[in-house]
1. If Val274 meets every condition in (1) under 26 Å from Gln114 (Cα atoms); (2) at pLDDT below 95 apart from one, which number is that one?
2. Working only within the stretch 111-142, note down all residues that are open to solvent by 10 Å² or more (accessible area, probe 1.4 Å), in contact with an Asp or Glu (Cβ under 7 Å, 6 or more places away or on another chain) and within 20 Å of His290 (Cβ to Cβ).
3. Which of the residues spanning the stretch 83-130 are under 21 Å from Gln162 (Cα atoms) and in a loop (DSSP other than H, G, I, E, B)?
4. Give the residues of the stretch 252-277 that are open to solvent by 20 Å² or more (accessible area, probe 1.4 Å), assigned to a helix (DSSP H, G or I) and under 26 Å from Val214 (Cα atoms), sorted by residue number.
5. State whether one or more residues within the stretch 143-160 are open to solvent by less than 60 Å² (accessible area, probe 1.4 Å), in a helix (DSSP H, G or I) and closer than 19 Å to Leu201 by Cα.
6. For the stretch 90-110, which residues satisfy the criterion of being within 17 Å of the chain's Cα centre (by Cα), open to solvent by less than 40 Å² (accessible area, probe 1.4 Å) and more than 17 Å from Asn278 (Cα to Cα)?
7. Kindly provide the set of residues from the stretch 203-251 that are open to solvent by less than 20 Å² (accessible area, probe 1.4 Å), under 20 Å from Ile294 (Cα atoms) and not in a helix (DSSP H, G or I), ordered by number.
8. Need the failing condition index for Thr133 against (1) polar (S, T, N, Q); (2) in a loop (DSSP other than H, G, I, E, B); (3) at pLDDT below 95, just the number.
Amino acid sequence: MILNSSVSSVINTTCSSRKTPPTSRNQLSINEQLCGGKSCCCGSRRHFIEGAATALFPLVYSSTPSSASSPSDSMAMLNRLHPPRPDWYEEFYASVMNSSMKSYEAEVAGYKSQLFDNLRGKAKKVLEIGIGTGPNLKYYAADTDVQVLGVDPNRKMEKYAQTAAVAAGLPLTNFKFLQAVGEAIPVSDASVDAVVGTLVLCSVKDVDMTLQEVRRVLKPGGIYLFVEHVAAKDGTFLKFWQNVVDPLQQIVSDGCHLTRQTGNNISEAGFSSVELGNAFLSNASLISPHVYGIAHK
């Protein structure tokens, strides 16, 4: 997750889109379809994670395949990649994220609503990585029998995500929050129908490892829905400012990178097909342009 930055309006004079990365033969463009119209390693925490996940997804931790992230592996990776922060910091960051993204969410809503329609009535078990305060739940949590597992390294996000779940009509019995990182998702192989991730690959430590975890937990034929900000086109004023501000952005925005070519990572992650679109959001300032779409296992 990231903080929405505010920059001089001159940035808006830069290019209004980025080139789509070269597509492989199994990729399709969805520009027409959609544009047309993240602490301790104590035993009690481990038992909580096991209990919460098992109650939601019967396959989690039950005869877990060797390739799946066990509870101990998941907690070890969490503490290595996202070392425990003071409670006040985690609470502050969660509160800021809950209140500072409203204009961004309003502008991206059109893309998300059409993208997330692919879940309605089709995905009964959904895992959202980097769920944060739960801004996406309103798009897919209305199905009465959908089960959602939200993964985030910041424990303080949980209460906000629960509030968002209730507001979206999702019973809390159908929603579980797990403190974990995307590089080690504590869910067994092929156990979810869909994975959702928006504005999360910018801040994970290892993008490719996270994408392999996404593929691992998806059932055959499952889908991965994504909306991510990426680096601007080389040679533009926006790309210049992204390079300048990137080190500071990583410090103040919990590891968010401004210059990643995330679309390329998704395209090369080994999905059977990837539908990739591009968008430029005026309210996103430095965190633009965006790639969004659907990857099929």
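1. Here Val274 clears every test but (2).
2. Selection gives Pro135 alone.
3. Met101, Leu119, Arg120, Ala123, Lys124, Gly130, listed by residue number.
4. The answer is Asn264, Asn265, Ser267.
5. Checked against the condition, which is being open to solvent by less than 60 Å² (accessible area, probe 1.4 Å), in a helix (DSSP H, G or I) and closer than 19 Å to Leu201 by Cα, the stretch 143-160 yields at least one hit.
6. Listed by number, the residues that qualify are Tyr93, Ala94, Met97, Met101.
7. The answer is Val204, Leu218, Gly222, Tyr224, Leu225, Phe226, Val227, Glu228, His229, Val230, Ala231.
8. That leaves (3) as the condition not met.
The values are calculated or read from the model by the stated rules, or taken from the named source; none is laboratory data. Remember, it's a predicted structure, so these values are computed and weren't measured experimentally. Reconstructed Cβ throughout: ideal geometry from the backbone, glycine too, with neighbour counts over all protein chains shown. The protein model used for the area step is the full one, side chains on, heavy atoms only, and it has no ligands, DNA or RNA in it. Shrake-Rupley method; radii C 1.70, N 1.55, O 1.52, S 1.80 Å.
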